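Bear in mind these aren't lab numbers, they're just calculated from the coordinates by the rules spelled out. Worth saying up front: this structure is predicted, and the values here are computed from it rather than measured. So basically every Cβ, Gly included, is an ideal-geometry build from the backbone, and we count neighbours across all protein chains shown.
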DNA sequence: ATGGCCAATTTTATTGGA
């Protein structure tokens, strides 16, 4: 089973750059998209009526901003757009689907760059999402959180850690929230398999960053132990173009 | 590495991204 996440930075632009062909070729069992930057009605039927998938969209409350979508070959047991905290429901950042062996969170975590208010919003979002996940775990569920975390966890996860210590995305207070997810039982599946591997999933469009591989690893699969036991591989598809992020796939047994 | 980008809407400027 392959669960792929991709921040497409505008699904309409990505479609113009070959997204539909990539989707058909990659053929993931589940595809979690972030930053679709569109309402479903604005998107080509090549995607919104693609055969072989159920699809769920959670767009933002304003045009051209944020928005997530989840595609599944098998119909989920349940689907919800939010996780019950009103402050975090309007920006189209989450889709939660229940599958036979786990809950899957498709998440576009907020960007904290703009000002203190957005940083506070981002940190509050981490806190509220983790609290919700802990309830599911306490009730005996396994959980997969995937998407754009908008934070690089450790120095190995970005090309220039020293010069970014005071920039949102690598602030200690943001990194500590990733620590907290791990303390509460989540495992960073890529890092667990590849403790020393340097590979990124986002590069700024500026500075020729991608061609020089000056990037950040921002797109993760955090999984609970029962899921980790079934992980075969995690693949960062850094050869796939079409966005400033690249897709990342979690491969599970069966 | 100085400055260099891109998507989408509010469109020939502005906002947001990280």
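Worth pointing out:
- The stretch A:111-170: C-alpha gyration tensor shape, a/c 1.5 cut-off, then a/b vs b/c: oblate
- Cα centroid separation - the stretch A:166-188 against the stretch A:1-70, whole Å: 27
- Computed from label points 7 Å out along Cα-Cβ, the spacing between residue A:241 and residue A:87 is 4.2 nm.
- The modelled label-to-label distance between residue A:205 and residue A:116, using points 7 Å beyond Cα along the C-beta direction, is 3.1 nm.
- Of the two radii for the stretch A:1-100, the radius of gyration is 0.95 times the Kirkwood radius, both from the alpha carbons; that is the Rg over Rh value.
- The stretch A:140-254 shape via C-alpha gyration tensor axes, a/c threshold 1.5: oblate
- 19 Å reach of a label modelled at residue A:44, 7 Å along Cα-to-Cβ, counting backbone N of the stretch A:1-29: A:6-28
- From its DSSP helices (H runs of at least four residues, each -39,500 (n - 2.57)), chain A gives a residue-normalised ellipticity at 222 nm of -7000 deg cm²/dmol.
- Computed lengthening from residue A:79 to residue A:212, 0.36 nm per intervening residue step minus Cα-Cα distance: 43.9 nm
- Gain on full stretching of the segment that runs from residue A:98 to residue A:232 - 0.36 nm per residue minus C-alpha separation: 46.1 nm
- Rounded to 5, percent antiparallel among DSSP beta bridges of chain A: 75
- Of the Cα atoms belonging to the stretch A:25-166, the radius of gyration and Dmax stand at 16.1, 46 Å.
- Here the relative contact order of the stretch A:2-252, from alpha carbon pairs under 8 Å that lie six or more residues apart, stands at 19 percent.
- Computed over chain A, the convex hull of the alpha-carbon atoms projects to a mean area of 12.7 nm².
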